[in-house]
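Have a look at the structure below, then the notes.
Taken together, the values in this text are just the output of simple stated rules run on the coordinates, not laboratory data. The structure displayed is predicted, hence computed values, not measured ones. In this analysis, Cβ positions are derived from the backbone assuming ideal geometry, glycine residues included, and neighbour counts consider all displayed protein chains.
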Amino acid sequence: MDHKLIIFTDIGDTIIDEGSEVREVPYGVVLRADCIPGAKETMLALYEQGFTIAMVADGLTESFHNTMTQNGLEHIFAAKSISEENGVEKPDWVMFQKALERLGLTENDKGRIIMVGNNLKRDVLGARRFGIRSVLLSWSPRYDMVPSCEEETPDYVISRPEELPELVNRLDALLS
Ligand SMILES: [Mg+2]
């Protein structure tokens, strides 16, 4: 089945548990890390369902390569937009624009894209300014989950990765 909904996703504290990250040196490449409970199974299920998934993440390319490969998720991404390569971080619109372009999409597709992330000031604000909807995963204990302004208010909130497929399929059905 063809799905219309496109999923942009953050990595740190959205798929990977930042608390488990092991680095060579502080702020260096992440050598290994574990997934948030349920995140791997959720992302694999969405991929196997045929959804298009793009990584939109702040960090080092090698870190994402390491952690995604170790956790068996490297193959699920149809495109990647990584801050080290872009020279800017979220909420900068370029982070989202690169993912859009690499998927071969245009401005006209923005209505069918959701950004999934844990950070109000990066993922949610960035998505809002770019003109796409956002899903806040409020699992992480490391960041503030209370919006400080209208622009940081997510369109949807989930507390665990396992809640994502139901939301994704509901939003996808509305597009058909
Ligand atoms: Mg994050």
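Here are some notes:
- Couplings 3J(HN,Hα) of segment 130-145, computed from phi: 7, x, 10, 7, 10, 10, 8, 9, 8, 4, 5, x, 8, 10, 5, 10 Hz, in residue order, whole Hz [Karplus 6.51 cos²θ - 1.76 cosθ + 1.60, θ = phi - 60°; x for Gly and Pro].
- Magnitude of the charge dipole, segment 47-176, Cβ model with Lys/Arg +1 and Asp/Glu -1, debye to 20: 140
- Given K4/K80; K98/K121; K4/K121, the pairs whose alpha carbons are separated by over 22 Å: K4/K121
- For segment 12-28, the Karplus equation 6.51 cos²θ - 1.76 cosθ + 1.60, evaluated at θ = phi - 60°, returns couplings of x, 6, 10, 10, 9, 7, 4, x, 9, 5, 10, 10, 5, 9, x, 6, x Hz by residue, with Gly and Pro reported as x.
- Anisotropy class assigned to segment 67-106 is oblate, per the alpha carbon gyration tensor with a/c at or over the 1.5 cut-off and a/b no larger than b/c.
- Applying the Karplus relation 6.51 cos²θ - 1.76 cosθ + 1.60 with θ = phi - 60° to segment 91-107 yields 3J(HN,Hα) values of x, 3, 4, 4, 4, 7, 4, 4, 5, 4, 5, 5, 8, x, 9, 10, 2 Hz, where x marks Gly and Pro.
- Semi-axes of the equivalent ellipsoid for the chain, Cα gyration tensor, largest first, Å: 22, 18, 17
- About the Cα centre, charge dipole magnitude for segment 100-147 (Lys/Arg +1, Asp/Glu -1 at Cβ), debye: 80
- Estimated distance in nm for a label pair at E85 and L175, the labels positioned 7 Å out from Cα along Cα-to-Cβ: 2.2
- Ellipsoid semi-axes in whole angstrom, largest first, where each is sqrt(5λ) of the Cα gyration tensor of segment 98-176: 21, 16, 11
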